[in-house]
Amino acid sequence: MAKKVIIIGAGLAGLSAGIHLQNNGIESEIFEISGQVGGMCIAWERQGYRFDGCIHWMVGTKKGDNFYNLYREVDALAEDTEIYNSDSITAEIDGVLYEIPLRFEQFKAFLLQLAPQDEKSIEQFCTEVAVFANSSMPTGAPANPAEFFSFLKNNSGFMSLAGKYMNTSVQEYTERFESPLLKKLVFHLMPPEFSYFGLIMMLGTRMSGNAGYPMGGALGVANRMKAKYISLGGKLNMSTRVERIVVENGRVTGIVAKGKTYHCDAVVAACDAYDTLNNMLEGKFRHKQLDEMLKTSPLFDPLVLISFGLNKRFNLPYATDYECPEGLETAPGFTVNGYNLRTFEFDLSAAPEGCSSIMVMTGAPLEYWESLRKTDIEKYRAEKAALAQRVAELLDKRIPGIRESIVVTDVATPATYMRYANLYKGSWEGFVPIPKALRTNIKTSVEGVKGLVLAGQWVNAGGGLCTAVQSGKSAALKIVKNKL
Ligand SMILES: Cc1cc2nc3c(=O)[nH]c(=O)nc-3n(C[C@H](O)[C@H](O)[C@H](O)COP(=O)(O)OP(=O)(O)OC[C@H]3O[C@@H](n4cnc5c(N)ncnc54)[C@H](O)[C@@H]3O)c2cc1C
């Protein structure tokens with residue numbers, strides 16, 4: 001069995017792997033590019049305000065759920081972490097704001113009122129969401145026949161829906177709806193190219209109170225895991241980029257960081273897959289599935305987050321998708337026609353008393369922001385401020401008074417994400433969960449390299465916090481069981 005393991009990346013996958021290795025008596029050390037843990041599970045604290053750049057819905061927040069138990073093992077959630085489950089989300093369609101309930105009966109009634117002509121299809125859709133909600137999701141392969149039979153029994157709803165819809169996109173599913181408005185609304189919930197299975201998972205878990213927001217947000221999750229890892233004797237090397245994974249005679253023997261070689265018996269690469277294969281392994285070893293997917297599978301588009309600390313509260317809904325027919329330029333020549341506005345008013349720890357923090361999230365090109373940051377940092381800062389100004393003006397038209405209540409501004413561009421997590425093409429959640437990607441069981445080993453395990457969002461299409469925590473655990477157990 002490996003005695004010493006090096007983990008690349010202090011995102012949730014890397015931290016989870018480290019905690020499980022330490023728990024199993026294996027010495028581990030994490031190397032992380034950024035100065036803070038969490039990777040994409042990230043938030044920014046500014047003058048008493050906190051802007052959460054991650055958690056909208058965290059699958060498995062309900063006590064007793066399989067994922068909840070995984071979170072508890074690594075302290076991603078504490079016993080007393082309060083969970084906020086929003087009752088609804090809001091979307092603007094053709095100039096009208098719709099409040100979409102996230103409770104079963106209200107959701108069904110809302111859809112029926114919106115599209116009575118689709119009654120039969122709506123009944124079926126809602127039944128599928130309910131079946132998903134009443135089924136538990138597996139968090140790993142069964143270890144023995146008894147576990148296998150209990151797995152089949154407890155996950156029958158999940159298994160039958162997965163079998164039926166794994167190949168179906170949201171677009172294909174919605175073809176049964178006659179109402180164009182209903183189709184548009186569903187596309188607000190999940191983009192048309194995504195897997196339909198992902199849609200019912202999102203709705204099922206949220207409606208059953210199993211995909212909430214843990215109070216304290218992303219920082220709370222990441223910092224609790226960091227504390228757990230350190231308490232178990234784990235070692236963190238922050239602001240340290242791994243440049244190379246050393247392979248000798250087909251086996252990993254160490255890594256190189258800041259020009260120094262660190263020896264180990266195994267490596268968990270809980271970081272970007274492209275960087276691992278093409279830079280750290282110098283393109284000498286291939287991974288057929290990932291090589292292909294990195295070339296052809298759609299990725300999440302880069303984002304810009306514009307956050308404001310407000311000196312009062314506006315009683316805003318949890319999340320609103322606004323249309324923006326006038327266009328918002330997030331880089332020269334790059335205009336978006338919609339944005340998502342989130343408020344953290346429900347989390348009193350996110351702002352000083354009587355105040356609130358809000359965040360606008362929308363698309364922006366990586367190349368522009370990355371190159372500007374590298375070549376002209378002053379202009380980069382000025383452009384960020386100008387973008388924040390444009391967004392404040394737009395918001396003020398929607399919510400009068402917001403602009404004059406802004407006391408703190410923060411802008412995270414795609415370049416910020418690259419700095420914090422070194423993501424291939426700025427994809428903050430890896431591969432988009434289209435049916436083909438979701439069906440692919442991505443191998444966690446690289447051909448020709450013993451002792452290397454891949455973990456995290458790049459080996460689980462669709463990414464997410466629950467899969468990161470789970471995949472870190474699987475990587476650790478692979479090493480513990482000597483299945484390298
Ligand atoms: C805006 C936004 C909203 C999101 N919303 C949700 C949500 O609501 N629900 C949900 O479940 N998920 C959400 N996610 C996705 C979720 O945050 C990620 O899928 C998950 O955190 C990925 O964890 P990871 O450990 O696999 O990878 P990462 O978090 O990417 O961690 C990888 C780490 O490796 C480090 N690293 C990379 N290369 C090297 C190197 N060479 N040397 C050293 N370190 C290296 C990086 O710096 C990074 O810290 C969201 C993400 C974003 C950005």
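List of remarks:
- Residue match in region 392-401 (condition: within 16 Å of the ligand (Cβ to nearest atom) and either outside the structural domain of F334 (by TED's automatic domain parsing) or not in a helix (DSSP H, G or I) (or both)): no
- Contact map, region 55-82: residues that are under 19 Å from Y318 (Cβ atoms) paired with residues that are among the β-branched types (V, I, T), Cβ distance under 7 Å, separation 6+ or inter-chain. Pairs shown: V59/T205; T61/I83.
- Looking across G462, G472, one residue alone is part of a loop (DSSP other than H, G, I, E, B), out of contact with any strand residue (DSSP E or B) (no Cβ under 6 Å at 6 or more places or on another chain) and in contact (Cβ under 8 Å) with a residue 60 or more places away in the chain. It is G462.
- Number of positions in region 291-320 that are of a type outside the set (G, A, S), in contact (Cβ under 8 Å) with a residue 60 or more places away in the chain and under 21 Å from G217 (Cα atoms): 13
- If the condition is being in a helix (DSSP H, G or I), within 26 Å of F107 (Cα to Cα) and within 17 Å of the chain's Cα centre (by Cα), then region 205-243 contributes T205, R206.
- Which listed residue, of I245, I255, I200, is within 30 Å of P101 (Cβ to Cβ) and either away from the ligand (no atom under 14 Å from the Cβ) or not assigned by TED's automatic domain parsing to the domain that holds Q124 (or both): I200
- Among the conditions (1) surrounded by 19 or more Cβ atoms within 10 Å (Cβ to Cβ); (2) modelled with pLDDT under 95, A455 misses just one, which is (2).
Table: residues versus (1) within 14 Å of the ligand (Cβ to nearest atom); (2) surrounded by fewer than 21 Cβ atoms within 10 Å (Cβ to Cβ).
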{"site": "Y417", "(1), (2)": "yes, no"}
{"site": "K425", "(1), (2)": "yes, yes"}
{"site": "T440", "(1), (2)": "no, yes"}
{"site": "T444", "(1), (2)": "yes, yes"}
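- Residue pairs meeting the criteria (Cβ under 6 Å; at least 6 apart or on separate chains; first aromatic (F, W, Y), in region 217-236; second in a helix (DSSP H, G or I)): Y229/L15; Y229/G18; Y229/I19
- All strands (runs of 3 or more DSSP E) inside region 1-116 with 3 or more residues being within 16 Å of the ligand (Cβ to nearest atom) and surrounded by fewer than 24 Cβ atoms within 10 Å (Cβ to Cβ): none
- Taken across region 405-415, residues that are of a type outside the set (G, A, S), closer than 30 Å to G95 by Cβ and in a helix (DSSP H, G or I) do occur, with at least one present.
- Every residue from region 258-275 that is within 14 Å of the ligand (Cβ to nearest atom) and either hydroxyl-bearing (S, T, Y) or modelled with pLDDT under 95 (or both): Y262, Y274
- Counting residues in region 463-481 that are crowded, with 21+ Cβ neighbours inside 10 Å and either of a type in the set (D, E) or away from the ligand (no atom under 14 Å from the Cβ) (or both) gives one or more.
- When P302, P317, P365 are checked against the criterion of being surrounded by 15 or more Cβ atoms within 10 Å (Cβ to Cβ) and closer than 23 Å to E82 by Cα, a single residue qualifies: P317.
- Pair list, Cβ < 8 Å and 6+ apart or interchain, from region 341-360 residues that are closer than 13 Å to S86 by Cβ to residues that are assigned to a helix (DSSP H, G or I) and of a type outside the set (V, I, T): F344/G217; F344/A350; D347/G217
The values are calculated or read from the model by the stated rules, or taken from the named source; none is laboratory data. Quantities reported herein were computed from a predicted structural model and do not represent experimental measurements. Virtual Cβ from ideal backbone geometry, glycine too; neighbours counted across all protein chains shown.
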